[in-house]
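Visitor: Structure incoming, see below.
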Amino acid sequence: MQQQICTILNRADVGAELVVSGWVRTRRDSGGFSFLELTDGSCLTGLQIIADQELANYVTEIKKLTTGCSVEISGQLQDSPAKGQAVELVASAVRVLGWADPETYPLQKKRHSFEFLRNLSHLRPRTNALAAVARVRGRLALAVNHFFAERGFIQVHTPIITTSDCEGAGEMFQVTTAGGQSDQSDGQGQHEFFGRRAGLTVSGQLQAEVYAQALGRVYTFGPTFRAENSNTSRHLAEFWMIEPEMAFCDLACNMALAEDLLRYLLADVLEHCGPDLQMFDRFIDKGLIARLQQVVDQDFARITYTEAVDQLLAADRLFEFPVSWGIDLQSEHERYLCEDVYGRPLIVTNYPAAIKPFYMRMNEDGRTVAAMDILVPGIGEIVGGSQREERLEPLLARMEEAGLDSEEYGWYLDLRRYGTAPHAGFGLGFERLVQYVTGMQNIREVIPFPRTPGFAPC
Ligand code: ATP
Ligand code: MN
């Protein structure tokens, strides 16, 4: 395979004869030469190509190259006299692979709004910002796997089609082959492929618990789906989640792992995605790099839900949603706490049982559960987790309260009947993480093909 531009720029192997392929970003003609800026997606920086007018296809092709054309170039790498680049490639041959008609090619040299680009899902990764997001996202995925491998975790693949609504929130997409004809049935009739109601998973947690109760430390990293009609800058209908689940682990151990994971991931991208992060820092979110570095260097703050409510009640500020013990914290509350009060990531623990799912472990007080959410400046909730209820009786009581049919969860209850063990885990929303690391305002820009209500173009 040919060398990629990032490798060529790193090695700066002056004098080497190379072949390189990519897309033309710009062409400028001057003094009998054309200067092409070539990118191949491997890094933010392009490679400057010098094409002499003596080249055979100079007039017929090279002078007609425009933004977006693809080319293969042979040439020799030389020291560059120009500022801002160490090397450039002096072309001995330029072969055009694909033209891009400048009359219709939608990506012009000027900056396009992210909203405009969303309607060009098939071309937007050719822009600097979206390509940088894709590289950072890919690096983060790799780092997630490194982190868990280094700590003895096994990756398990949990099903995308499930028959249990983990969050019990009724935000599931139904899966059926029946189309419109299932109207007569109650959704559980003979038309149903699985013989019962099935949906796209909202979380792999319950199945991950099964494997944690056999392998000890496991994690899932896959797509999840929520039919929530929330048109916010932090919600998608399809998003990816990282969900570790650990046997013989309590809430404190769970929090420690989540904090380690976040700090590890930030340190990793700071080390490996420097140029992309500098671009985000410069054009998207000023001060980004310093903020990420601070998170790496500093412990997270930790408070209980009850302390959080006290802080909010004492706040010198009027919230849109009034505060009292028992409410679910809203985004404005979460952001006030981690941005204004603590100025760093914050772990909030021990939420009221009534606002949390049935599987979270009841605390001794009988009214709070061993839950923990991690809130980060600019985003709000990025991690939601808990120690799980490993005792059969309290779990049955919680399920009854939540109106869940214990027959249907027989398999989940069996885990408490046979060799039950304390265990804990959490879900880290992968796109919220990418948003946090890149400073991108809208979550739709950090997933290659966003799905939101009314939107799924390709
Ligand atoms: P929120 O209150 O922000 O809607 P949640 O309480 O519904 O979050 P959980 O069910 O705990 O979230 O899911 C775990 C993590 O998944 C969240 O901390 C968040 O990072 C992410 N997440 C949840 N819903 C979405 C969504 N619709 N789009 C993208 N990420 C999400
Ligand atoms: Mn939600």
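The values are calculated or read from the model by the stated rules, or taken from the named source; none is laboratory data. Keep in mind the model is a prediction, meaning the values are calculated, not measured. No Cβ is skipped: glycine too gets one built from the backbone with ideal geometry, and neighbour counts run over all protein chains shown.
Visitor: Take Thr66 and tell me if it is without any contact (Cβ under 8 Å) to a residue 24 or more places away in the chain and assigned to a loop (DSSP other than H, G, I, E, B).
Guide: Here the answer is no, as Thr66 does not meet what is asked.
Visitor: I would also like to ask the following. Where in the stretch 215-321 are the strands (runs of 3 or more DSSP E), entirely inside, with at least 1 residues that are surrounded by fewer than 17 Cβ atoms within 10 Å (Cβ to Cβ)?
Guide: Fully inside the stretch 215-321 and qualifying: 217-225, 301-304.
Visitor: Additional query: Taking Phe114 as meeting all but one of (1) over 28 Å from Asp268 (Cα atoms); (2) surrounded by 14 or more Cβ atoms within 10 Å (Cβ to Cβ); (3) hydrophobic (A, V, I, L, M, F, W, C), write down the number of the exception.
Guide: (1)
Visitor: Please find, within the stretch 363-383, the residue that is farthest from Ala301 (Cα to Cα) out of those that are surrounded by fewer than 20 Cβ atoms within 10 Å (Cβ to Cβ) and at pLDDT 95 or above.
Guide: Among them, the one singled out is Gly366.
Visitor: Write out, first by first residue and then by second, each pair whose Cβ atoms fall under 8 Å of each other, whose residues are 6+ apart or on separate chains, and whose first residue, in the stretch 214-234, is under 22 Å from Gly425 (Cα atoms) and aromatic (Phe, Trp, Tyr) while the second is assigned to a loop (DSSP other than H, G, I, E, B) and within 12 Å of ligand 2 (Cβ to nearest atom).
Guide: Phe225/Val202; Phe225/Ala237
Visitor: Answer yes or no as to whether Gly380 is closer than 24 Å to Gly287 by Cα, in contact (Cβ under 8 Å) with a residue 40 or more places away in the chain, more than 16 Å from ligand 1 (Cβ to nearest atom) and under 21 Å from the mean Cα position of the chain (by Cα).
Guide: no
Visitor: Taking only the stretch 135-176 into account, find how many residues are surrounded by 18 or more Cβ atoms within 10 Å (Cβ to Cβ), among the hydrophobic types (A, V, I, L, M, F, W, C) and at pLDDT 95 or above.
Guide: 8
Visitor: Let me ask another. For residues in the stretch 33-52 being of a type outside the set (A, V, I, L, M) and under 13 Å from Val90 (Cβ atoms), which is nearest to the chain's Cα centre (by Cα)?
Guide: Looking at residues that are of a type outside the set (A, V, I, L, M) and under 13 Å from Val90 (Cβ atoms), I get Gln48.
Visitor: Does Val87 qualify as being in contact with a helix residue (DSSP H, G or I) (Cβ under 9 Å, 6 or more places away or on another chain) and touching a residue at least 40 places away in the same chain (Cβ under 8 Å)?
Guide: Yes, satisfied.
Visitor: Can you find a residue that is more than 23 Å from Thr163 (Cα to Cα), away from ligand 2 (no atom under 16 Å from the Cβ) and either out of contact with any Gly (no Cβ under 9 Å at 6 or more places or on another chain) or modelled with pLDDT of 95 or more (or both) anywhere in the stretch 402-414?
Guide: no
The rows are residues; the columns are (1) farther than 25 Å from Val446 by Cβ; (2) touching a strand residue (DSSP E or B) at 6+ places or on another chain (Cβ under 6 Å); (3) outside any loop (DSSP other than H, G, I, E, B); (4) at pLDDT 95 or above.
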position: Cys6; (1), (2), (3), (4): no, no, yes, yes
position: Val19; (1), (2), (3), (4): yes, yes, yes, yes
position: Leu36; (1), (2), (3), (4): yes, yes, yes, yes
position: Cys43; (1), (2), (3), (4): no, no, no, yes
position: Gln48; (1), (2), (3), (4): yes, yes, yes, yes
position: Glu54; (1), (2), (3), (4): yes, no, no, yes
position: Gln78; (1), (2), (3), (4): yes, yes, yes, yes
position: Asp101; (1), (2), (3), (4): yes, no, no, yes
position: Gln108; (1), (2), (3), (4): no, no, no, no
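Visitor: Ok, one more. Keeping to the stretch 62-77, report how many residues are under 19 Å from Asp101 (Cβ atoms) and surrounded by fewer than 17 Cβ atoms within 10 Å (Cβ to Cβ).
Guide: 3
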